[in-house]
Amino acid sequence: MPEGPTLFILQEETTRFVGQHIVSAEGNTTAIDPRELVGQPILSLQAWGKHFIIELPTMALRIHFLLFGSYQIDAHKEGRFKRLGLNMEDGGELNFYACSVKEIDADLDAVYDWSANVMSDTWNPANALKKMRASPDTLVCDALLDQDIFAGVGNIIKNEVLFRIRVHPLSTVGALSAPKLRQMVAEARTYSFDFLRWKKLFVLKANWLAHAKTICPRCNIPFSKGKFGKTQRRAFFCENCQKRYH
DNA sequence: GAAAATGTTATCAT
DNA sequence: TATGATAACATTTT
């Protein structure tokens with residue numbers, strides 16, 4: 001379900017709810033009592049990386065879909081418990097399933113670094129470079145998945161970006177030249193918007209060049225596979241055309 | 001039907 | 001204390 005572009009779509013699809021009051025709420029979340037939400041207006045609905053933030057007068061909620069979460073707008077799933085369901089004053093519904101719900105206590109600006117959100121106008125590539133320069137031994141595969149640096153980048157985007165810029169996932173950040181590192185940062189954003197466009201057209205998977213693929217489309221030789229880095233996520237890469245910098 | 005996967009976090013051990 | 005391994009969660013697809 002997730003990766004930043006998906007959350008971006010969710011945010012786009014729900015803008016009409018901003019300003020509306022919640023007329024009823026339900027769900028099996030233990031983070032909050034859904035009844036607390038009734039009567040409150042939605043102040044904002046925002047996406048930050050893979051987080052969906054619902055801002056209300058008395059609290060903010062963070063929805064995270066993890067690997068399996070899903071949502072329905074003006075519809076619901078049969079035979080599934082809602083983790084959280086909001087019924088709006090215009091009769092619309094916003095339902096979340098199999099996701100993590102968390103209440104955010106502190107001020108949103110204190111919790112979120114808006115410049116790290118790859119899909120946002122507030123994205124700041126210079127900040128990403130600065131964060132990476134602070135830990136040069138980090139593997140590029142870990143850096144791209146680091147939500148403090150590239151909020152919204154997930155495993156698919158990671159694999160596609162590294163293939164596009166011809167960098168081996170086990171390269172270290174510090175071994176990349178300055179232009180190469182800038183290219184990595186730029187491509188993280190560029191590919192995220194390609195992902196967004198393709199997902200909307202239902203052709204995302206058809207446009208994968210590396211992720212879950214077996215043959216390198218550039219070299220026509222088998223891709224290598226591995227589970228690398230702190231999170232041991234799948235890497236698909238070409239030993240021939242993706243250079244290992246270290 | 002087993003296994004794996006677009007992900008994170010809590011908990012326990014070192 | 002900090003880091004690291006492991007489990008836990010929950011759904012859909014192969």
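Checking each residue in segment A:55-67 for being assigned to a loop (DSSP other than H, G, I, E, B) and away from DNA strand C (no atom under 13 Å from the Cβ) picks out A:56, A:57, A:58, A:59. Annotation note: Cβ proximity below 9 Å between a residue of segment A:68-89 that is within 19 Å of residue A:52 (Cα to Cα) and near DNA strand C (Cβ under 9 Å from one of its atoms) and a residue that is in a strand (DSSP E or B) and among the hydroxyl-bearing types (Ser, Thr, Tyr) (sequence gap 6+ or interchain) occurs for A:68/A:97; A:69/A:97; A:69/A:100; A:70/A:97; A:83/A:97; A:83/A:100. Checking each residue in segment A:28-48 for being at pLDDT 95 or above and either β-branched (Val, Ile, Thr) or in a loop (DSSP other than H, G, I, E, B) (or both) picks out A:38, A:39, A:40, A:42, A:43. A residue that is in contact with a Ser or Thr (Cβ under 6 Å, 6 or more places away or on another chain) and either closer than 19 Å to residue A:243 by Cα or surrounded by fewer than 22 Cβ atoms within 10 Å (Cβ to Cβ) (or both) occurs somewhere in segment A:165-177.
With respect to the conditions (1) without any contact (Cβ under 8 Å) to a residue 24 or more places away in the chain; (2) under 23 Å from residue A:211 (Cβ atoms), residue A:115 lacks only one, and its number is (2). Considering each residue of segment A:101-123 in turn, none proves to be more than 13 Å from DNA strand B (Cβ to nearest atom), within 23 Å of residue A:195 (Cα to Cα), more than 17 Å from the chain's Cα centre (by Cα) and assigned to a helix (DSSP H, G or I). Looking at segment A:172-229, which of the residues that are away from DNA strand C (no atom under 16 Å from the Cβ) and among the basic types (Lys, Arg) is farthest from the chain's Cα centre (by Cα)? Only one residue tops the list, namely A:218. If you filter segment A:1-24 down to residues that are more than 22 Å from residue A:37 (Cβ to Cβ) and more than 16 Å from DNA strand C (Cβ to nearest atom), you find that the one that is farthest from the chain's Cα centre (by Cα) is A:12. Filtering A:106, A:98 for residues that are at pLDDT below 95 and within 16 Å of DNA strand C (Cβ to nearest atom) leaves a single hit, A:98.
The values are calculated or read from the model by the stated rules, or taken from the named source; none is laboratory data. Since the model is a prediction, treat every value here as computed from it, not as a measurement. Methodologically, a virtual Cβ is constructed for each residue, glycine included, from the backbone with ideal geometry; neighbour enumeration extends over all protein chains shown.
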